[in-house]
Amino acid sequence: MTLSRWPTTSVLSVALVMMACSLAAAGPANAATCTPTTRILDTLPVNAPLVISQRGHVVTREGEPGATSGLWLHRLNGGSTPITYANGTSPSVASDVNGRGAAVGTDGVDSGAIAPGVPWISQGGTASHLPNPTRAEPTYFAVSINSHGAVAGVATNYPYDPPTGTAFTAIPLLWSSADANPTDLSMPAGVFVVGFDQGSPLLDIRNDGAISAVLLDKNGSGTYLARWATPTAAPTLVAIPRGLAPVAVAGRWVVGQVGQDMFVFSPQAAVVISTAEPLFDMSVAANGTYTAMRDGVTVDYGIVGRGTTAPRDASQYYALADVAGSMGGQVALESPSSTSVLTCALGLPALSGVDVTPVVLG
C-alpha cells in the first residue's frame, strides 16, 4: 500500500550496527534476470497511481482540475473502470487491490475532519460498505485484501483519541468476505496497531490467510512485528529494533525510516540502506520487494530492491507508487506525462553510491 512521507527520526544507535559494506555492484537477490518493461495505463489526465495488485491491476485517483476526483480501476489486460457506489459517488481512499481487481479503502479519514471512517470494498468497479463490527470504536479501516476476498482492517477510536493518548485503541479485524461481519483478532494485552499518523494502519493479509501487523506497546517498551496464522490464534511477536520507524508491512517484511535512511527488516535479518539523498515514500511486498523515493535537485527519483541486498535503480521515473511481489516485482509508476507499470523491477542495474549496513538483531 502507498504511504505518505515519514518525518525524520533519530539516528539508529551505533550498538545496532554490526558492520558497513558497499553492495553497489551486487547482483539481484535471485539468479534469474529479465529485461524491465513498462505498460502504459489507460489513464485520465493527472491520474495518480495508488496501489497495484500482484497480477498488475492498478487503482488510480483522478486529479483533473475542475473535475470531481474519483478512483479508477485499471485492469491487467487494459481498459479502466470508475469505482463508484450505486449512487454514482466515488470512495475517497484506496488502500489495496487484489489479483481479481477487488479494491478496499476507507472513506472519511483523509478529509482532515474528525469524522468516523467507513470501510468499503469494490468488485467490478461497484463499491459498497463493509459491515461494521459491534464495537464501541467509531472508526473502521479496511487496509488489505487477499486473492480470496478476505479483508484485514482495524477498529479504532482514532482520531477522537490520538495514538499518544492513554485511551487509544486499535484492534485488528478480519472480514472473511464482503458481506461477513468482522471478527476481532486475538491480541496481547497492552498493544495496538500503529500507522495512523501516516494515514493507514500497518496491517497486511496474505493469500494464505496469514495476517501481519506492526504493534506498539502502550507503555512504550517496544515495537513488534505480529503475525497471526489464524484470527483466533495468538500472534507471534518479533521485536523490531529501537530507533527504527516502521512505514509499511507485508508478510514477514517491514520497511521504514531511520534518520534520512531506509531500513528493511525481517525476523531473520535487517539492513539500513543509505544513499546520498534522503529516502521516503516507502512500500513493501510480501516477498520482500520494496520501493522508496529519493530527493533529487528538481524531481524525486525512485529505487526498487528485494530483501537485504542492494537496491535497483529506477531513476528514469518520476515516482514509485506501490509494489507487488509477483511476476518479478511489479511497480506502479507515475511519470511527468503518464502512469505506467514497471515489470521485472529486479532486472534493473544496481544503484550506485549506496551503502547497505547489516543490523544486529536480538
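The values are calculated or read from the model by the stated rules, or taken from the named source; none is laboratory data. Quantities reported herein were computed from a predicted structural model and do not represent experimental measurements. Cβ sites come from the backbone with ideal geometry, for glycine too, and all protein chains shown count toward neighbours.
Could you pull out every one of the strands (runs of 3 or more DSSP E) wholly within region 223-313 that has 3 or more residues that are more than 22 Å from LEU351 (Cα to Cα)?
Of the strands (runs of 3 or more DSSP E) lying wholly inside region 223-313, those with at least 3 residues that are more than 22 Å from LEU351 (Cα to Cα) span 223-228, 236-240, 245-250.
If you check ALA213, ALA239, ALA229, ALA250, which single one turns out to be small (Gly, Ala, Ser) and closer than 17 Å to GLU137 by Cβ?
ALA213
Out of curiosity, is VAL258 touching a residue at least 60 places away in the same chain (Cβ under 8 Å), surrounded by 17 or more Cβ atoms within 10 Å (Cβ to Cβ), β-branched (Val, Ile, Thr) and closer than 17 Å to LEU202 by Cβ?
Here the answer is yes, as VAL258 does meet what is asked.
Counting just the residues of region 315-332 that are at pLDDT below 80 and of a type in the set (A, V, I, L, M, F, W, C), which one comes out surrounded by the most Cβ atoms within 10 Å (Cβ to Cβ)?
The residue in question is ALA332.
Under 7 Å between Cβ atoms, which residue pairs at least 6 apart in sequence (or on different chains) link something in region 70-95 that is without any contact (Cβ under 8 Å) to a residue 60 or more places away in the chain with a partner that is among the basic types (Lys, Arg) and part of a strand (DSSP E or B)?
LEU71/ARG61
Could you say which residue among ALA276, ALA239, ALA233 is at pLDDT below 90, out of contact with any Asp or Glu (no Cβ under 8 Å at 6 or more places or on another chain) and aliphatic (A, V, I, L, M)?
Being at pLDDT below 90, out of contact with any Asp or Glu (no Cβ under 8 Å at 6 or more places or on another chain) and aliphatic (A, V, I, L, M) holds for just one of ALA276, ALA239, ALA233, which is ALA276.
Could you grab me the full set of residues in region 190-217 that are over 20 Å from ALA229 (Cβ atoms) and small (Gly, Ala, Ser)?
Across region 190-217, the qualifying residues are GLY190, GLY195, GLY199, SER200.
Please find, within region 181-206, the residue that is farthest from the chain's Cα centre (by Cα) out of those that are assigned to a strand (DSSP E or B) and farther than 18 Å from ASN157 by Cβ.
If we take residues in region 181-206 being assigned to a strand (DSSP E or B) and farther than 18 Å from ASN157 by Cβ, then THR183 is farthest from the chain's Cα centre (by Cα).
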